[in-house]
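Here is the structure we will look at, set down as C-alpha cells.
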C-alpha cells in the first residue's frame with residue numbers, strides 16, 4: 001500500500017518554543033533588590049543584557065559579562081588572563097537552561113554590580129504576550145554611578161537625613177523623583193516593549 005506521505009521525506013517537528021522565568025537579585029544589597037523576568041529561549045544573550053539594564057534602570061555606560069561556570073559572554077575581550085566571548089552570538093536556548101540553575105551577570109567590573117540569576121522554571125510561550133516582561137520585583141535599582149554597593153548603602157543612609165549636607169548633595173544628584181523603595185513594574189514593562197524584537 002502506498003502512503004499519502006511517501007516521497008515527501010520525514011519532516012521532524014520542531015518542539016514548541018519555551019519561555020524561562022528568571023529571578024534576578026542584585027548581590028549584597030540590603031534591603032534586597034530583585035526582579036522576576038520572563039523571557040523566550042530564542043532571545044539573544046545581548047538582548048537579555050539590554051533587558052537587565054531596563055529592569056534595574058541602568059544606562060549601559062559600563063562593560064558587562066555573563067558568567068556560566070568557565071564560559072563568559074559580554075563585551076568581547078581576549079587577553080592572556082581573561083576571555084569574554086561576544087554575547088550577540090549566543091541565544092538563551094544555547095545555554096541549556098534545563099540543566100543550569102544559576103549564572104551571574106557582572107556590570108562594570110570593580111566597583112560595579114553583580115546580579116545573581118536563577119532559572120526558576122520554564123513553560124510554553126503564551127499567545128498575545130510580549131516577551132520579555134517583568135512580573136514582580138522589589139525596590140528601585142541602585143544608581144549605576146553611585147560607587148558600588150558600599151557607597152549605595154551610604155547613599156541610602158544619607159538621604160534619610162535630607163537636612164544634612166551629604167543628604168542634600170545626594171538628593172540633588174539623584175533628582176527629586178528618586179524613591180529607593182519603588183519598583184514600578186508598569187514603567188519597566190513599557191520600557192521593555194520599546195526594546196523591540
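The values are calculated or read from the model by the stated rules, or taken from the named source; none is laboratory data. If you're wondering where the values come from, they're calculated on a predicted model, not measured in any experiment. All Cβ positions, even for glycine, are placed from backbone atoms using ideal geometry, and neighbour counts span all protein chains on display.
Structure notes:
- In region 186-193, the count of residues that are closer than 21 Å to residue 52 by Cβ, in contact with a strand residue (DSSP E or B) (Cβ under 6 Å, 6 or more places away or on another chain), in contact (Cβ under 8 Å) with a residue 40 or more places away in the chain and in a loop (DSSP other than H, G, I, E, B) is zero.
- Within the option set 116, 145, being at pLDDT below 95 and either closer than 29 Å to residue 190 by Cβ or part of a strand (DSSP E or B) (or both) holds for one residue only, 145.
- Matching entry among 147, 137 (being touching a strand residue (DSSP E or B) at 6+ places or on another chain (Cβ under 6 Å) and either surrounded by 13 or more Cβ atoms within 10 Å (Cβ to Cβ) or touching a residue at least 24 places away in the same chain (Cβ under 8 Å) (or both)): 137
- Of all residues making up region 98-113, the number that are under 17 Å from residue 56 (Cβ atoms) and either under 18 Å from the mean Cα position of the chain (by Cα) or modelled with pLDDT of 95 or more (or both): 9
- Under the condition of being in a loop (DSSP other than H, G, I, E, B) and exposed (fewer than 15 other Cβ atoms within 10 Å of the Cβ), the residues counted in region 60-74 number 4.
- Number of the condition not met by residue 161 [criteria: (1) part of a loop (DSSP other than H, G, I, E, B); (2) touching a residue at least 60 places away in the same chain (Cβ under 8 Å); (3) touching a helix residue (DSSP H, G or I) at 6+ places or on another chain (Cβ under 6 Å)]: (2)
- Residue within region 85-96 that is under 22 Å from residue 20 (Cα atoms), modelled with pLDDT of 90 or more, in a strand (DSSP E or B) and out of contact with any helix residue (DSSP H, G or I) (no Cβ under 9 Å at 6 or more places or on another chain) present: no
- Enumeration of residues in region 89-104 that are touching a residue at least 40 places away in the same chain (Cβ under 8 Å), in contact with a strand residue (DSSP E or B) (Cβ under 7 Å, 6 or more places away or on another chain) and more than 15 Å from residue 52 (Cα to Cα): 90, 91, 95, 97
- Of residues in region 175-197 being closer than 13 Å to residue 57 by Cα and touching a helix residue (DSSP H, G or I) at 6+ places or on another chain (Cβ under 7 Å), the one surrounded by the most Cβ atoms within 10 Å (Cβ to Cβ): 188
- Residue match in region 40-55 (condition: assigned to a strand (DSSP E or B) and modelled with pLDDT of 95 or more): yes
- Complete set of residues in region 105-128 that are closer than 18 Å to residue 55 by Cα and exposed (fewer than 14 other Cβ atoms within 10 Å of the Cβ): 120
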